[in-house]
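Enquirer: Have a look at the structure that comes next, please.
The values are calculated or read from the model by the stated rules, or taken from the named source; none is laboratory data. These numbers come from a predicted model, not from an experiment. Every residue, glycine as well, gets a Cβ built from its backbone with ideal geometry; the counts of neighbours run over all protein chains shown. Remember, those area values only see protein heavy atoms, side chains included, never the ligands or the DNA or RNA. Shrake-Rupley method; radii C 1.70, N 1.55, O 1.52, S 1.80 Å.
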Amino acid sequence: MTLIGLLALLITLIYSRWLKSRFKRYEDDINRQQAMLRETADSLKLSSLIFESAYEGVIVSDADNRILQVNKAFTRITGYTEDEVIGKSPSVLSSGLQDDVFYQRMWQRLAAAGIWRGEIWNKRKNGEVYPEWLSISLNKDASGNVLNYIAIFYDITQRKELEQQLRSMAETDPLTGLANRRSLMDSLNRDMSFKERYQSPGIALFFVDLDHFKWINDSYGHDVGDSVLIEVANRLIGCLRESDLACRVGGDEFVILCKYKQEDGDQQLQQLSSRLLDQLIKPFRFADVEIDISCSIGVAVHHQGDDAFGLMKSADQALYEAKHQGRGRVVFYADTLNAIASPSPAEAEIR
């Protein structure tokens, strides 16, 4: 009996230790699972926090491109709340500025590469159209089927405005607001290339130089001189059409790039010359000061084979001839420099 009792006790101790070990493994498994759940919950919470706190707008759509979720930045940028867009297509934001070909290429690129990035114009809830930088990526399952479309975007209005300001600074005369020499050369080369290719329209350059402008600066000061230049710029603009370009290329030197119909070019250029002289010989009034001023103008017409440098040189030579003939007149450049002056400061004549 004693042996049987000892054997039973030994078996009980072994079974007890086995159960304790078993329960310990269960407890460890449960603890590990709880730890994993806590980590998952923390990760989800962190992901949600990142999603909601992101500066960029985020759209999560299903395989049919119906919106499932958006973040707070989406509402801040677009003006739409989550409830207003859930279940709808992101096309609710479309501005209409991109055509069907644009979207076809976008979807083709997205299908081929799994991602698309680019600049696009969208529309806020209040109807305002704005530029944004958009990135779209795909979330697929193991079989390659699309589960979600994830779009991340941000408003680039300020960046576009800055780019425009920098472009304006690079292409505009800061005093008068007219185009500068760089802008003139870009426009002239572009227009000449177009004319060489299509034989139309005609191109003419007007070099406008104020007569005795140094005397104005010396007599009245540079502030008044600057005011004169600004007024000259305004008068030039008032004489031109939208297709013409007025430029200030330095000091008191202005250039007009004029495009005209070749069949009645002589008449158009004569009329523009007369308008320019009529406007620029009028006295300038500043406070109690009245300043008489005149200008000299040299004109050159583009011919087949001319380059920009040659055309500008011809206009400059015609301007020199106008100065030489006594100022206050227009001279047109001819192949032999048979430039002719207008019979009066208010008229220009082409012989």
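Enquirer: Filtering the stretch 205-243 down to residues that are over 20 Å from Lys282 (Cβ atoms) and outside any helix (DSSP H, G or I), which residue is most open to solvent (accessible area, probe 1.4 Å)?
Expert: Glu242
Enquirer: Ala246: crowded, with 21+ Cβ neighbours inside 10 Å and of a type in the set (Gly, Ala, Ser), yes or no?
Expert: When the stated conditions are applied, Ala246 passes them.
To keep it simple, each residue is scored yes or no on (1) in contact (Cβ under 8 Å) with a residue 24 or more places away in the chain; (2) under 23 Å from Leu277 (Cβ atoms).
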position	(1), (2)
Glu196	yes, no
Ala204	yes, yes
Asp209	yes, yes
Phe213	yes, yes
Ile216	yes, yes
Asp223	no, no
Val232	yes, yes
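Enquirer: Something else: In the stretch 274-290, what count of residues is obtained for those that are touching a helix residue (DSSP H, G or I) at 6+ places or on another chain (Cβ under 6 Å), farther than 29 Å from Asp191 by Cβ and either in contact (Cβ under 8 Å) with a residue 60 or more places away in the chain or open to solvent by 10 Å² or more (accessible area, probe 1.4 Å) (or both)?
Expert: Of the residues in that region, 1 qualify.
Enquirer: In this structure, is Met185 closer than 22 Å to Asp252 by Cβ and part of a helix (DSSP H, G or I)?
Expert: The answer is yes for Met185.
Enquirer: Now for a different question. Would you pick out the residues in the stretch 284-323 that are part of a strand (DSSP E or B) and among the charged types (D, E, K, R)?
Expert: Passing the criteria: Arg285, Glu290.
Enquirer: Among the candidates Asp211, Asp266, Asp226, single out the residue that is in contact with a Gly (Cβ under 8 Å, 6 or more places away or on another chain) and among the charged types (D, E, K, R).
Expert: Asp211
Enquirer: Could you please find all residues in the stretch 51-89 being open to solvent by 40 Å² or more (accessible area, probe 1.4 Å), aliphatic (A, V, I, L, M) and without any contact (Cβ under 8 Å) to a residue 24 or more places away in the chain?
Expert: Ile86 - this is the single residue of the stretch 51-89 that is open to solvent by 40 Å² or more (accessible area, probe 1.4 Å), aliphatic (A, V, I, L, M) and without any contact (Cβ under 8 Å) to a residue 24 or more places away in the chain.
Enquirer: Let me ask another. Give me the pairs: first residue in the stretch 133-156 and under 26 Å from Trp121 (Cα atoms) and without any contact (Cβ under 8 Å) to a residue 24 or more places away in the chain, second residue among the small types (Gly, Ala, Ser) and surrounded by fewer than 17 Cβ atoms within 10 Å (Cβ to Cβ), beta-carbon distance under 7 Å, and six or more apart or on different chains, which are they?
Expert: Sorted first by the residue in the stretch 133-156, then by its partner, the pairs are Leu134/Gly118; Ser137/Gly114.
Enquirer: Given the conditions (1) under 29 Å from Phe332 (Cβ atoms); (2) modelled with pLDDT of 90 or more; (3) of a type outside the set (A, V, I, L, M, F, W, C), which single one is not true for Arg190?
Expert: So Arg190 meets the others, but not (2).
Enquirer: Quick one: what pairs do we get from the stretch 309-321, first residue touching a residue at least 12 places away in the same chain (Cβ under 8 Å), second of a type in the set (Val, Ile, Thr) and open to solvent by less than 20 Å² (accessible area, probe 1.4 Å), C-beta under 6 Å, 6+ apart or different chains?
Expert: Ala318/Val299; Ala318/Val331; Glu321/Val331
Enquirer: Would you confirm whether or not the stretch 167-188 contains a residue that is under 30 Å from Trp116 (Cβ atoms) and within 20 Å of the chain's Cα centre (by Cα)?
Expert: Checking the stretch 167-188: at least one residue is under 30 Å from Trp116 (Cβ atoms) and within 20 Å of the chain's Cα centre (by Cα).
Enquirer: Scan the stretch 300-320 for residues that are crowded, with 21+ Cβ neighbours inside 10 Å and over 34 Å from the mean Cα position of the chain (by Cα) and jot them down.
Expert: Scanning the stretch 300-320 gives Ser314, Ala318, Leu319.
Enquirer: Can you tell me which residues in the stretch 161-180 are surrounded by 14 or more Cβ atoms within 10 Å (Cβ to Cβ) and on the phi < 0 side of the Ramachandran plot?
Expert: Glu171, Thr172, Asp173, Thr176, Leu178, Ala179, Asn180
Enquirer: Do you know which residues across the stretch 90-115 are open to solvent by 50 Å² or more (accessible area, probe 1.4 Å) and either among the aromatic types (Phe, Trp, Tyr) or on the phi > 0 side of the Ramachandran plot (or both)?
Expert: Residues satisfying the conditions are Gly96, Phe102, Tyr103, Trp107.
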